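The values are calculated or read from the model by the stated rules, or taken from the named source; none is laboratory data. What you see is a predicted model, and the numbers here were worked out from it, not measured in a lab. All Cβ positions, even for glycine, are placed from backbone atoms using ideal geometry, and neighbour counts span all protein chains on display.
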Amino acid sequence: MKKLLFIFLISHSLLWSQQETQETSSITQKTFSSREGYLISDPYSAMYDSNGWLWVLGEDLQSSKHVIGEKKVIIQRFDGINFFKVKMPDTGDKKIYAGDFFKNKTEGLYLRLRYINFPTAQLFYIDTETLKITNVEEFNSLPKELTLAEPYYVNGETRMIVTSQEKFYTAELNGLKFKILDSIPYNKRTNDHFLASTRVFENFSIVKLKFYKDYCLVDHQGKFIKKLTKEDFVDLKGNHFLPEDILNVFKDNNKYYLCLQNYSNTFKYDKKEQKFKEVPNSSKGHQLNKVLTLTADCKNGITTEVVSSHSKLSLYNFKNKRAHLIADINIKNFSKYSYNEVDKNLVVLNGNFLDAYYITESKIKTFLKGKSIRAINQLKNNKYIVATDAEGLFEIDVANNLEEEIHVLLDGKEISVNYSRDIIVQDNGTIITNDSGYLYTLDATYNVIKEKSFAILSEEIIKIGDTIFNRERDGLIHKYSYTNKTNETIKTNSGLLVKEFATDGKSLYATTNKGFLEYKKGKHQLYEFNNEETSNLLSVTYNKFYGVLVATKLGKIYTFNTKTKKLELFYTDDLTVSIVGMIADNNNNLWLNTYAGIVSIDAKTKEVIRYTQKDGIYELEGNRYSTYKDREGNVFIGSFKGLSYFNPKNLIKKNVDIQPRFTSISFFNVKEDQWKINNEPTFLKNTKEITLPSMYQRFSATVSLKGKMNPSDVRYRYRLIDEENQSEWFVNQFGNEILFANLAAGKYILEIEALNITNEKIGETISLNIISEEFFYKTWWFLGTILLLVLITVAYIVYQYITKQKLFAKNEIALNDAKVKSEMMLETHHRIKNNLQIISGLLGLQMLKSKDEKLKSNLQESQSRIESIAGIHNVLYNPDMLDVISIKEHIKNIINYYKRLFPTKIIYKLTIDDSILRMDKATPFALLLNELINNSNKHAFAKVENPEIQILFKKMGEEYLFEYTDNGNFKNETSSNESLGMKIIDMMGNQLKGNMIIKKTNGFNLILRF
């Protein structure tokens, strides 16, 4: 019952808070799962780093599908659209069952992993700029008795409280450095030394054991000040006590307050008495403050509450010691969440689903929701009077967010004023307004001033000086002297209907169904224009900066030139929607009330921004003629379902926090010889240019938006600018990845812009310089090298040509000389041969005349010798063989000669290679062979039936082998050594400088090596 009562009190407080102070905010959601690259099935922890990237630790979805029991654990980074895997640190064979992230100062994260069967956790430091994860050795080498540790933050420093069974320890943690600072014992030894959350104050922190009332104070240098006792806490009655638990600590206006269990008021530290004292009358909203999880700056808070099958996560703004509800979100039970304190975004993780919530706290307030707004004017003290189309008049207080219906009294009785079309607040505080049948003047308490009220049928009204102009339903225009109570009808075209009035203080302007009306000094003129249809004219206003502006129902604004009486185009709406109201702010920026939200036009840059529901506008379709600016420059825009109120200075969306950024740049890394996805923040921040090698002329890039926008509402457009031309913008139809393949060689600039759903630019343009390298055979150095080689080759060819020409000239001379010598040698051989043949012929004639047989025989032998020598010269009579002869040919010639000379049929067996002999060897060899064959024919075969001669000649290395054999029987009338033939053989052998052996066992055998 107590629990139900507690929930009721919180709920009642929430309802009251919403009614009075709830901020206007918009919230959108986008869900990510494995389809979008989220690969975690059971998240352990999630945290945003200082760059706005979300880090998620959990079980790998892919291993979870197939592994029973122990799961693979992975880390993913999330840029708001894309997921990137991060390499896990080396944990050896230890099995992870849990883990979490916590921050290091303002940069970097710590990863704490817990293992099965290991009592202590292992700590790693993550450099979020380089994505390097390093083991924190100094922490991980702590003694085993120091088993539990929890971080807290003091003035941007990361501190830790470490516990053992006996003591608290304070420690400093900075990157890879870990240092124990101080220690203090517990009240008593315990095995349950779990820590409660450390509560940080202005000058100290409170540390407590979770299950015991064991408190101590620690200063911001990490030194223990003292143990807390009941003397340190005092309630309103002056009672001293030691609280059961500290439920929360929050800061407001730089003062710190405690929420203690069992107390409805807050407590504050009294520096003078150095005690925590109860603050009287501080219980309002206190029940909610007890359960809030506050951000580090105490500007936002979150609560979660289990509601049956789901949980409710509530997000609050926290100011003036109270929580103001921003949004309630229903989430699955046991979900984990992480809040981005910079961008004010929230992610909720459950299973393989990551829900991102984009919360925009609007600077636009909406009053009178659901009511059709017609006219607005300022009263005083942040109060305004508002006319609705059919529900009467209202007073709103923009400072206190109050709305109150106005009750108009006539003679003490309430009358209905439901169809007021304009409101005029005069300097004396009286209010002029109209209803369908009356023109009323009201005092400050909304009583009708009868003497200043008239019974007239009126629609639109406007006051110029003392005169009020109004348009009646019958199309007539009347002007009334407010002081003299006189009226006059302005004669216009029949059937003329006024849509809206405007004035510059002298002239009256109006848009009508017959044209544009100008009334001045009692005369009126209607204008129609060539560049715009009269039926399209809608709204009109006057401003000193712009002059007379005329808007149309097709989204165009013209300036009316009062001299040329023509319309000059000023603005065209991208959505071509009706523009039903215009007002210029104090900086001359123009604000438009349209059928598709509120539009601003910058007076200097002409930049156009459209504000829609995601910016906090309750209703997009504006109501006609319900646009107003007050004395302070605040702007009111009316719609069919409420009144939007804002200060233009606060609403301008040029927010540097909402910027597109590169989240990865991928290209071929030549040094690492691989395609690489570069998503390290330090690389992305420092890289302004990339170079694509000639063989891999492609790259890709992913972008996301840093800020409070749902990626579903964002598109990206890009263009590639080269040195010669600037390409058109291309809207990326495939999400946020941009890919270029086969990029031609050259220098480029990639420009990327983010667009919202109305095609307005978000943030600044981001760019990347790209150099696509030439193929080596197209580069200047390669072409230069080729040209150099060609020149060298040409020079070499020319040099060779000149050299050869010189050599050719020399060779020509040498050839001519050789030719002459050759011809001379031929002629010499020819004459020698002829002379020898003449001698042979003379010897033959001598043989014929002689009757002496011995003489004939001697003459024949001499003739054969001469023929042998002549045969050599005959062979040499050849232009190709002037100084050498073929042995085989010459031996055959000699044999043929003797075959003709002697009738004996002799078998010649020849084994002769292709050796050649020079002239100096050939002549003695010919004479030698001639003598051998001649001797065999004459002396060896007289009594031999089958005469046979074997001749062998071949080259063996550097010498020649000659072997002559016959099977005859020699007749030796004289000693063979003394015979002339043998003498010649012996002489020729000596001339050949050879080694000669003669055998006569069975025939004749001669072996000569020379």
(message) For the range 28-54, which positions are surrounded by fewer than 18 Cβ atoms within 10 Å (Cβ to Cβ), more than 21 Å from Asn736 (Cβ to Cβ) and in contact with a Phe, Trp or Tyr (Cβ under 7 Å, 6 or more places away or on another chain)?
(response) none
(message) Could you go through the range 189-197 and let me know if any residue there is at pLDDT below 95, under 20 Å from Tyr256 (Cα atoms) and surrounded by fewer than 16 Cβ atoms within 10 Å (Cβ to Cβ).
(response) no
(message) Tally up the residues in the range 442-482 that are part of a strand (DSSP E or B) and either closer than 23 Å to Asp427 by Cβ or not assigned by TED's automatic domain parsing to the domain that holds Leu517 (or both), please.
(response) 15
(message) Out of the strands (runs of 3 or more DSSP E) lying entirely within the range 921-1010, which hold 3 or more residues that are closer than 17 Å to His890 by Cβ and at pLDDT 85 or above?
(response) 948-956, 959-966
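Give me a count of the residues in the range 81-93 that are loosely packed, with under 14 Cβ neighbours inside 10 Å and at pLDDT 90 or above.
2
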(request) Considering each of Thr120, Thr147, Thr130, Thr158 in turn, give the residue that is touching a His at 6+ places or on another chain (Cβ under 9 Å) and either surrounded by fewer than 18 Cβ atoms within 10 Å (Cβ to Cβ) or in contact (Cβ under 8 Å) with a residue 24 or more places away in the chain (or both). (result) Thr147
(request) Name, by its number, the condition in (1) among the polar types (S, T, N, Q); (2) under 38 Å from the mean Cα position of the chain (by Cα); (3) buried (at least 20 other Cβ atoms within 10 Å of the Cβ); (4) closer than 20 Å to Lys371 by Cβ that does not hold for Thr594. (result) (2)
(message) Consider the range 564-591. How many of its residues are under 38 Å from the mean Cα position of the chain (by Cα) and not in a strand (DSSP E or B)?
(response) 6
(message) With the requirement that a residue be touching an Asp or Glu at 6+ places or on another chain (Cβ under 9 Å), among the charged types (D, E, K, R), at pLDDT 90 or above and assigned to a loop (DSSP other than H, G, I, E, B), what does the range 663-718 give you?
(response) Glu680
(request) Identify, from the list Gly69, Gly99, the residue that is modelled with pLDDT under 60 and farther than 25 Å from Tyr358 by Cβ. (result) Gly69
(message) Criterion first (part of a loop (DSSP other than H, G, I, E, B), outside the structural domain of Ala196 (by TED's automatic domain parsing) and at pLDDT 90 or above) does Asn248 satisfy it?
(response) no
(request) Working only within the range 130-177, note down all residues that are closer than 17 Å to Arg189 by Cβ, hydrophobic (A, V, I, L, M, F, W, C) and in a loop (DSSP other than H, G, I, E, B). (result) Leu146
